[in-house]
Amino acid sequence: MSILISIQICSYNRAELLRKALEGIFRQDFPPGDFEIILVDDGSTDGTADMVKSLSPTCRLEYLYQPNSGLATARNRGIRAAGGEYILFIDDDIIADPQLLKEHLAMHQKYPGSVVNGWVNHVDDLEKCEKPRFTMADVSTSFFWTSNVSVRKDDLEKAGFFDESFREYGWEDLELGVRLKNLGLKSRFNRRAVVYHYKKKWNKEDLERHFRQAEAKGRTAVVFLEKHPTLKVRLATGIYPLRFFINDLFFLGGAGERCLRKIVEGAPGGALDGFYRFAAQKLIDFHYFAAIRSELKKVGEE
């Protein structure tokens, strides 16, 4: 029996959240023989393999393990293993609406030669994954965003897959989107193709991890710009003089960063809300732009 859609997920050390993501896919209102899940475990050490073995999938589920190699490499392995005419990319912190596959397929049938993006509804409570409620975090102008996007496998092959020189977090999906767009594909948005993107509320203990992620994203932003030195990429990544000026003005040569750290350190326990959340976000921005600056010096641009 031929597979229409392959759902491709990559995961790293998120066993319990991944379980919920997979169980959401098992509830799809779609013929079980017409879709599959290709799960690439990118070197997890938290019992992900045992968790997958404990599941009762309602469709074909292929589990592939590899040593930790980065998201671009993991995605490419998943693409090569996929048997579907279309590949739908979601993440391991995504809960799929039961109509997700139907809505993606309907758009492809109506608009051949498309990249289909669905609605990524951000939630901080997994009990809210029933009826989407719009948040500003849901807004995206990305051509190709792997939280909820589908495309023909043939078009991925023509574009050349994900670029595996992206070894760290960030931008590898948008970079592939540039190449897919250059093939002449059109972006289509289907607000009925809904997923719920779970993001736990920040607390002080989470921030060091967010700082490391922001630094990685800053370094890969420079990789993205080197590959596509366009104004659009500069605007997307923030690598342009005015954005640097605003960042520098806010942080006052490091004094602003020290002040914000004191504010966050003084926050009460639990989730960071209000001004504490704002201060934390600005600190993440500081780490992002500091990493960009450091990387630009290495390549001799700044």
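Throughout, read-outs are computed from the coordinates displayed, never taken from laboratory work. Quick caveat, the model's predicted, so the values are computed rather than measured. All Cβ positions, even for glycine, are placed from backbone atoms using ideal geometry, and neighbour counts span all protein chains on display.
Once phi is turned into ³J(HN,Hα) by the Karplus curve 6.51 cos²θ - 1.76 cosθ + 1.60 with θ = phi - 60°, what whole-Hz value does each residue of segment 40-48 show in order, with x for glycine and proline?
10, 8, 8, x, 4, 10, 10, x, 4
Relative to 2.2 N^0.38 Å, what does the C-alpha radius of gyration of segment 204-299 come to as a ratio? Two decimals please.
So segment 204-299 has a normalised radius of gyration of 1.15.
Quick one: grab the alpha carbon gyration tensor of segment 5-144, order the square roots of its eigenvalues as a ≥ b ≥ c, and give me rounded if a/c is under 1.5, else prolate or oblate depending on whether a/b is larger than b/c.
rounded
How far is the Cα center of segment 151-208 from the Cα center of segment 1-70, in Å?
Result: 18 Å between the Cα centres.
Quote the FRET efficiency, to the nearest 0.05, computed for residue 242 versus residue 64 with a Förster distance R0 of 45 Å and r equal to the Cβ-Cβ distance.
Using R0 = 45 Å, I get an efficiency of 0.55.
Between residue 111 and residue 26, what is 0.36 nm times their sequence separation minus the Cα-Cα distance? Round to one decimal in nm. Numbers along the way, then the final one.
On the way: separation 85, 0.36 × 85 = 30.60 nm, distance 2.66 nm.
In short, 27.9 nm is gained.
For segment 139-151, just list the computed ³J(HN,Hα) in residue order, Karplus coefficients 6.51, -1.76 and 1.60, θ = phi - 60°, integers in Hz, with x standing in for Gly and Pro.
6, 8, 10, 5, 6, 8, 10, 6, 6, 5, 8, 10, 7
Of 217/262; 20/153; 102/128; 186/298, which sit over 31 Å apart, Cα to Cα?
Listed pairs above 31 Å: 186/298.
On a full-extension model of 0.36 nm per residue, what is the gain between residue 182 and residue 250, subtracting their alpha-carbon distance, rounded to one decimal in nm?
20.8 nm
Amide H to amide H, which residues 5 or more places from residue 65 or on other chains are under 5 Å from it, using H placed in the peptide plane?
Correct list: 41.
Using Cα-Cα distances under 8 Å and only pairs 6 or more residues apart, what relative contact order does segment 183-302 have, in percent?
For segment 183-302, the relative contact order is 43 percent.
List the relative contact order of the chain as a percent without decimals, with contacts defined as Cα pairs under 8 Å and 6+ residues apart. Intermediate values should be presented prior to the final figure.
On the way: 515 pairs, mean separation 53.7, N = 302.
For the chain, the relative contact order is 18 percent.
Output ³J(HN,Hα) for segment 51-58: one whole-Hz value per residue in order, computed from phi by the Karplus curve 6.51 cos²θ - 1.76 cosθ + 1.60 with θ = phi - 60°, and x for Gly and Pro.
4, 4, 4, 7, 7, 10, x, 9
Could you tell me the calculated FRET efficiency between residue 209 and residue 55, based on Cβ-Cβ distance and R0 = 30 angstrom, to the nearest 0.05?
Values: r = 27 Å, r/R0 = 0.92.
After rounding, the FRET efficiency stands at 0.65.
Tell me, Kirkwood radius of the chain from alpha-carbon pair distances, in Å? Don't skip to the answer; put the middle values down first.
Values: mean 1/r = 0.0489 Å⁻¹.
After inverting the mean inverse Cα-Cα distance, the result is 20.4 Å.
If a helix is a whole DSSP H run, which ones in the chain reach 20 Å or further along their own axis (Cα) and hold a mean Kyte-Doolittle hydropathy of at least 0.0?
274-299
With the cut-off at 1.5 for a/c, could you classify segment 186-235 from its C-alpha gyration tensor as rounded, prolate or oblate? Please report the intermediate quantities before stating the final value.
Values: a/c = 3.76, a/b = 1.08, b/c = 3.49.
It comes out oblate by the Cα gyration axes.
Looking at the square roots a ≥ b ≥ c of the eigenvalues of the Cα gyration tensor of segment 40-101, which shape do they give, rounded for a/c under 1.5, prolate if a/b is larger than b/c, or oblate? Please list the in-between numbers first.
Working: a/c = 1.62, a/b = 1.16, b/c = 1.40.
Verdict is oblate for segment 40-101.
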